[in-house]
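A short reminder: the numbers here are calculations on the coordinates, not readings from a lab. Just so you know, these numbers come straight off a predicted model, no measurement behind them. Glycine gets a Cβ as well: all are built from the backbone with ideal geometry, and neighbour counts include every protein chain shown.
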Amino acid sequence: MENQKINQESSSLKRQPLVLYLLTSFTFLLILIRLIFLQLINNETYKNMSDENRIRLIASQPIRGLITDKNGFILADNKIKYSLIIKPQYVNEIDWQNYKSKLSILLDIRSDFLQKRYIDGLRHNDLSITLLDDLTVDQIIKFKENEKLLNGIEISNKVIRNYPYKTLASHVIGYTQPITDSEFRILSKKGYKLNDLIGRTGIEFVYEDFLRGEWGGEMIEVNAAGTFQKSLGIKPSKEGKDIQLTIDLNLQLVAEKVLKDKQGGAIIVMDPRDGAIRAMASKPTFDLNFFSKEFKPQKEYDALFNSPKKPLFNRALNAYDPGSVWKIVTALAGLENGRFPPKTILETKPCIRYGGQCFREHNDLGFGYIGYEDALRVSSNTFFYQIGHAVGVDQIYDIAKKLGFAALSGIEIYEQENVGLVASSKWANEGRGWGEPGKTPWLPEDIASMSIGQFVVQVTPMQIARAYSAIANGGYLVTPHLSKLNKKFILNEKPRKIDIDPKNIQLIKNGLRKVVESGTGVSINYGVSNLPPVSGKTGTAEDGEGGLDHAWFVCFTPSDKSELLIVAFAQNTPGGGSVHALPMAREILKVWNENN
């Protein structure tokens with residue numbers, strides 16, 4: 001028994017070196033695999049992590065490109081903003097109370113304002129709290145003189161977007177805002193930094209890649225303690241490129257001015273030869289510099305984002321009932337259909353009944369027997385009721401499509417644009433956008449309304465500008481554009497010939513000339529000397545949403561070989577296009593004529 005025990009112990013001792021060997025070998029194998037993983041497989045990843053531990057980047061912000069008008073006047077640039085900040089981790093509560101009193105006296109700022117900023121920053125756990133934005137030169141000097149007494153408080157500076165004319169062409173130019181956390185996860189791959197600015201609307205949005213530039217900075221090496229060792233090189237930031245718009249500042253200024261006394265509306269000034277936008281204004285407007293503020297007062301925020309007036313809404317690209325400015329579409333439908341050739345004469349009446357409803361003439365008398373040109377001159381309703389009823393909805397729809405209605409115009413700032421509505425029998429049969437298919441048939445009343453641009457027609461001022469440009473230039477549909485810089489957005493399109501008989505277009509053009517010579521638009525000539533011949537059309541439209549009437553006026557000049565086209569729209573401004581919209585266009589014509 002004793003011998004058996006001794007043999008077992010001896011055998012166990014003999015196995016111990018083998019176990020130790022196997023354990024050592026296994027451990028070495030694990031270490032070898034790990035080294036292979038670190039050195040060969042994941043070498044690049046861990047090298048980058050190592051570099052991040054010893055290399056720091058001091059980033060330098062790129063300067064965003066300028067936005068100018070066609071003559072080089074600056075519409076958007078950059079400026080350095082100086083702010084007063086506090087780093088709360090270096091300031092205790094007793095010091096803060098002392099600093100607050102000193103700053104209040106020194107910089108002439110209410111202490112309760114400073115306190116609110118400070119508390120708001122603490123609530124959000126900010127490591128840098130902005131106490132005061134946009135320091136004046138005097139405030140900067142006074143602070144610098146006392147800086148040593150205010151430990152943990154300093155002046156920071158950053159480049160911000162600046163709009164010298166504030167509200168001018170705000171819907172066209174657009175604004176920038178810091179990117180969000182969710183955007184950063186995607187945009188970081190394109191070189192964006194956290195809280196970097198990005199174009200949100202307008203030109204700032206469309207040409208973001210062109211305007212933004214590239215970040216630069218200095219690479220420095222630090223030791224394990226984070227102490228600077230040496231500079232590894234500097235890569236200068238790359239400025240963004242400048243963009244020159246087709247906008248003419250002089251015309252833009254007067255377009256904004258004539259809208260000031262209107263509740264809402266829009267102005268478009270365009271070259272009918274190629275679609276270059278010379279001015280685009282929308283009322284209400286807003287101050288673009290609001291978005292460059294670090295701190296945005298709630299009252300200002302609500303006035304912009306929660307106002308029932310919707311100042312961010314671009315009326316120039318939104319759809320409304322066009323009223324009588326639509327009559328050129330119905331006229332062309334009658335001419336192109338062949339049932340109402342150029343020499344057609346129709347009897348106009350006090351009213352015509354459709355579906356049991358009386359559709360009246362706007363003077364409640366009628367104008368006797370008249371043809372196309374005089375029907376446009378006096379803006380007869382009953383003349384166009386008869387044309388529309390006879391040719392039908394789909395003929396009017398087809399002409400409207402050829403003139404660019406019920407489609408995007410092609411302008412760069414497409415994110416603000418509405419395609420509008422031009423009714424058709426197909427649209428009615430499919431439920432009119434709200435009902436069940438087959439249960440909302442086309443009605444006799446619809447064609448009467450459509451013939452004069454009411455209720456089943458909704459178009460934008462920009463679409464009206466394109467259609468009338470086709471009349472002004474002899475039958476070519478242009479693509480409106482704000483810059484010739486990037487062909488991607490204007491599709492490099494030349495004006496496109498439309499499939500409408502040029503003789504019929506000329507007939508409409510003759511009628512529009514008569515409107516201004518002796519018709520509803522004759523007052524365009526009042527108070528303007530040496531003005532080239534003007535052609536145009538007035539319009540008064542009931543608001544399909546139940547509001548007050550809209551006022552329209554469209555004109556182009558010279559009547560032959562036109563160089564300028566104006567669409568003036570006054571939203572919910574009853575009284576007629578000749579009373580409210582025409583005078584706006586006249587002021588723009590004055591400025592254009594003086595400059596030429």
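Sorting check: for 275-283, 257-265, 318-326, which peptide has the highest mean count of neighbouring beta carbons within 10 Å, and how do the rest follow? The partial results should precede the final answer.
Working: 275-283: 27.2, 257-265: 18.0, 318-326: 25.6.
The most tightly packed comes first, giving 275-283, 318-326, 257-265.
List the Cys residues of the chain that have no partner Cys with a C-beta closer than 4.7 Å.
Cys555 - these cysteines have no disulfide-compatible partner (Cβ-Cβ under 4.7 Å) in the chain.
Provide the packing ranking of 423-431, 384-392, 463-471, i.e. peptides ordered by the mean count of other C-beta atoms within 10 Å per residue, highest first.
463-471, 384-392, 423-431
Which length gain, in nm to one decimal place, applies between Lys260 and Asp364 when the Cα-Cα distance is subtracted from 0.36 nm times their residue separation?
34.1 nm
On a full-extension model of 0.36 nm per residue, what is the gain between Leu29 and Leu149, subtracting their alpha-carbon distance, rounded to one decimal in nm?
Numbers: separation 120, 0.36 × 120 = 43.20 nm, distance 6.24 nm.
Residue separation times 0.36 nm, minus the Cα-Cα distance, leaves 37.0 nm.
Per DSSP H run of at least 4 residues, take -39500 (n - 2.57); add these up for the chain, divide by its residues and hand me the 222 nm value, nearest 500 deg cm²/dmol.
Taking each H run of at least 4 residues, the total per residue is -11000 deg cm²/dmol.
For Ser237 and Lys310, what is the calculated FRET efficiency with R₀ set at 56 Å and r taken between the beta-carbons, to the nearest 0.05? Could the numbers behind the result be given before it?
Working: r = 37 Å, r/R0 = 0.67.
Computed FRET efficiency for Ser237 and Lys310 comes out at 0.90.
How big is the chain by Rg and Dmax over its Cα atoms, in Å?
Considering the chain through its Cα atoms, Rg and Dmax are 35.1, 141 Å.
Provide the percentage of antiparallel DSSP beta bridges, counting only those with both residues in the chain; round to the nearest 5.
In the chain, DSSP labels about 95 percent of beta bridges as antiparallel.
Kindly express, to the nearest 10 degrees and within the range 0 to 90, the angle between helix 43-54's C-alpha long axis and the longest C-alpha principal axis of the chain.
90
Suppose we take every Cα in the stretch 88-151 and form the convex hull; what volume per residue is that in Å³?
Given the Cα convex hull of the stretch 88-151, per-residue volume reads 83 Å³.
What net charge is computed for the residues neighbouring Asp543, neighbours being all others with C-beta under 12 Å from the C-beta of Asp543, Lys and Arg scored +1, Asp and Glu -1?
Combined, the nearby Lys, Arg, Asp and Glu give -4.
Using only the alpha-carbon atoms, how far is helix 582-595 inclined from the longest principal axis of the chain? Give it as 0 to 90 degrees, nearest 10.
Compared with the principal axis, the helix lies near 70 degrees.
For the stretch 88-151, what does the relative contact order come out to in percent, with C-alpha contacts under 8 Å and a separation of six or more?
The value is 36 percent.
Taking only Cα atoms, what is the 0 to 90° angle, nearest 10, from helix 381-391's long axis to the longest principal axis of the chain?
It is inclined by approximately 80 degrees.
Which is farthest toward the positive dipole end of the chain among Phe405, Gly435, Gly453, measuring Cα position about the Cα centre, with Cβ charges +1 (Lys, Arg) and -1 (Asp, Glu)?
Phe405
Using a basic spin-label model with each label point 7 Å from the Cα along Cα→Cβ, how many nm lie between Tyr301 and Gln244?
So the two model labels end up 4.1 nm from each other.
If packing is taken as the average count of other Cβ atoms within 10 Å, what order do 158-171, 497-510 fall into, highest mean first?
Listed from highest to lowest mean packing, they are 158-171, 497-510.
Between Gln61 and Ile141, what FRET efficiency follows from the Cβ-Cβ distance if R0 is 25 Å, with the result rounded to 0.05?
On the way: r = 25 Å, r/R0 = 1.00.
Taking R0 as 25 Å, the efficiency between Gln61 and Ile141 is 0.50.
Once you place label points 7 Å from the Cα toward the Cβ at Asn98 and Asn510, how far apart are they in nm?
Calculated label separation equals 9.2 nm.
Just to confirm a number: summing +1 for Lys and Arg and -1 for Asp and Glu over residues other than Leu84 whose beta-carbon lies under 15 angstrom from that of Leu84, what do you get?
Around Leu84, the charge tally is +1.
Once you have all Cα-Cα distances for the stretch 360-461, histogram them in 10 Å bins from zero and send the whole-percent values.
Taking all Cα pairs of the stretch 360-461, the binned fractions are 14, 38, 32, 15, 1 percent.
Pulled fully out, how much extra length does the chain show between Ser128 and Ser182, if you take 0.36 nm times their separation in residues and subtract their Cα-Cα distance? If you can, show how the numbers build up before the last one.
On the way: separation 54, 0.36 × 54 = 19.44 nm, distance 2.22 nm.
My answer for the length gained is 17.2 nm.
Percent relative contact order of the chain, based on C-alpha pairs within less than 8 angstrom and at least six residues apart?
Rounded, it is 13 percent for the chain.
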